[in-house]
Amino acid sequence: METVNLNSLKSFIGKNVNLHLKDGSVIINVRLENLTRDELNGKLILRCVPFRKNKPLQIPVKKVAWAENLNPFLLPVYGGN
């Protein structure tokens, strides 16, 4: 099975997406932060932050099947309360 296209992942950086992984699971509503290479083993790592969280997730690009763009107008906007 092939990995997701890197150019398509780069186009989603800074946007909210649903990440579909190759094992069939889905990570919903995450904002893609950046795409980096791991210093220890040289694998490409996708850093993303879940909605309403501050701690980023690090997911190897080889585990990502595809990314689905979210409509920003459907996301709830919460005030300071």
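Read-outs throughout are calculated quantities, based only on the coordinates presented, and are distinct from any laboratory measurement. These figures come from a predicted structure and were not determined experimentally. For neighbour counting, all protein chains shown are included, and Cβ atoms are generated from backbone atoms with ideal geometry for every residue, glycine included.
Quick check: anything in segment 6-13 at negative phi and over 13 Å from the mean Cα position of the chain (by Cα)? Looking through segment 6-13, at least one residue is at negative phi and over 13 Å from the mean Cα position of the chain (by Cα). Against the condition surrounded by 10 or more Cβ atoms within 10 Å (Cβ to Cβ), in contact with a Ser or Thr (Cβ under 6 Å, 6 or more places away or on another chain) and without any contact (Cβ under 8 Å) to a residue 60 or more places away in the chain, how does ILE45 come out, does it pass? When the stated conditions are applied, ILE45 passes them.
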